[in-house]
Amino acid sequence: MHIQALDIYKHYGKKLVLRGVSLNVERGDIVMIRGPSGIGKTTFLNILSGIDLPDKGKVIIDSKDITKMNENERAKFRLNKIGIIFQNMNLIEDLSVMENIALPLKLAGKEWKKKVNELLKYLNVEDIKHSFPMELSGGEMQRVAIARAIANEPEILIADEPTSNLDDENTENILNLLKKINKEMNMSIIIATHDQRMENLEGKKYNMREGKLYEG
Ligand SMILES: Nc1ncnc2c1ncn2[C@@H]1O[C@H](COP(=O)(O)OP(=O)(O)OP(=O)(O)O)[C@@H](O)[C@H]1O
Ligand SMILES: [Mg+2]
C-alpha cells in the first residue's frame with residue numbers, strides 16, 4: 001500500500017488553506033503532520049481519505065486516483081482500506097461501545113461478533129462494551145474510536161489529534177497502542193497533531209506551514 005498526495009490545493013471561501021501539499025507514505029510508515037491550530041491538518045487528512053475533494057491535485061492510493069472516483073466509490077474504498085480516528089471521535093451516541101465498533105464490519109457485510117470481541121480485548125475496553133459514548137472517559141472514547149477505525153483491518157490508519165484532550169497517562173497509552181498497531185498489523189499510520197507529547201513517537205515528521213508540508 002502506497003499513498004501519494006500530489007500538489008494538493010484547497011480553499012474555503014477566500015482562504016487558500018492548502019497551497020501545494022505533497023506527501024508520500026510507504027506501507028508500514030508512521031507519519032506525523034504537525035502544525036498550529038487552524039493551519040489545515042484536518043483539511044488535508046480529509047482529502048487524503050477521500051472524505052473531501054481537493055480543488056487541484058491528486059491522491060493516489062494503490063495506484064488509484066481516489067479524487068477521480070465518485071462519492072460512492074470513495075466511501076467504499078475508504079470502508080475497506082482506510083481507518084479514521086476523527087478529531088472529535090464521531091462515536092455514535094445512540095450506539096453502545098460494542099455496536100460502535102461493530103458498525104464498519106456490518107457496513108462491509110462481514111461477520112462481526114468474533115472480531116468485535118477480539119477488538120474489545122485488544123483495546124482494553126471489554127468491561128465497558130455495553131456503555132454508551134456519553135458514559136466514557138476521554139481515554140476510553142479514544143480507545144473505542146481506535147477499535148472502530150481498525151475493525152476492517154485497513155492498511156492505512158489516519159489519526160487526527162488522537163491525544164489532544166487526554167492526560168499524560170492516557171496519552172502514553174494511546175501512543176503505545178498506535179505503535180503496537182503499526183507493528184503487529186503492519187498498518188501505515190498518519191497522525192495530525194499539535195501535541196508536544198507526541199514527539200517521542202518514532203516516524204517521519206512533517207510541519208505544515210503556509211499551506212505546504214515541510215520535512216523535519
Ligand atoms: N468546512 C469549512 N468551511 C470553511 N472553513 C473551513 C472549513 N473547514 C476548515 N475551515 C478553515 O480552514 C482552516 C484549516 O482548518 P483545519 O481544521 O484543517 O485546521 P487544523 O490544522 O486541523 O486545526 P486544529 O489543530 O485546530 O485541528 C481553518 O482556518 C478553518 O477555519
Ligand atoms: Mg484539526
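A few notes on this one:
- Listed pairs 114/183; 56/115; 81/204; 56/110; 113/205; 10/179 exceeding 27 Å between Cα atoms: 56/115; 56/110; 113/205; 10/179
- ³J(HN,Hα), Karplus 6.51/-1.76/1.60, whole Hz, each residue of region 155-167, x for Gly, Pro: 8, 10, 10, 10, 10, 9, 6, x, 10, 5, 9, 10, 6
- The H on the amide N of residue 157, modeled in the peptide plane, is under 5 Å from the matching H of 83, 188, 189, 190, each at least 5 residues off or on a different chain.
- Net charge in the neighbourhood of residue 119 (other residues with Cβ under 12 Å of its Cβ; Lys, Arg +1, Asp, Glu -1) is +4.
- For region 162-216: rounded, prolate or oblate by the Cα gyration tensor [a/c cutoff 1.5]: oblate
- Compactness of the chain was expressed as the Cα radius of gyration divided by 2.2 N^0.38 Å, which yields 0.98.
- Residue-averaged 222 nm ellipticity for the chain, from DSSP H runs of 4+ at -39500 (n - 2.57), nearest 500: -10000 deg cm²/dmol
- Estimated FRET transfer efficiency (residue 169, residue 27; beta-carbon r; R0 25 Å; 0.05): 0.20
- Cα gyration tensor category, rounded, prolate or oblate, for region 120-176 with a/c compared to 1.5: oblate
- Along principal axes, Cα extents of region 69-190, largest first, whole Å: 40, 28, 25
- Loop-located trypsin sites (Lys or Arg not before Pro) in region 20-84 whose Cβ has at most 13 other Cβ within 10 Å (DSSP): 27
- Taking Lys and Arg as +1 and Asp and Glu as -1, the other residues whose beta-carbon sits under 11 Å from that of residue 188 total 0.
- Region 50-121 gives an Rg/Rh value of 1.04, both radii derived from C-alpha positions and Rh following Kirkwood.
- Choice from 184, 161, 118 showing the highest fluctuation, given a GNM over the chain with Cα pairs closer than 10 Å: 184
- Just checking the listed ones, 83, 50, 109: in the Gaussian network model of the chain with Cα springs under 10 Å, the one fluctuating most is 109.
Throughout, read-outs are computed from the coordinates displayed, never taken from laboratory work. In this text the structure is predicted, and so the values were computed from the model without any measurement. All Cβ positions, even for glycine, are placed from backbone atoms using ideal geometry, and neighbour counts span all protein chains on display.
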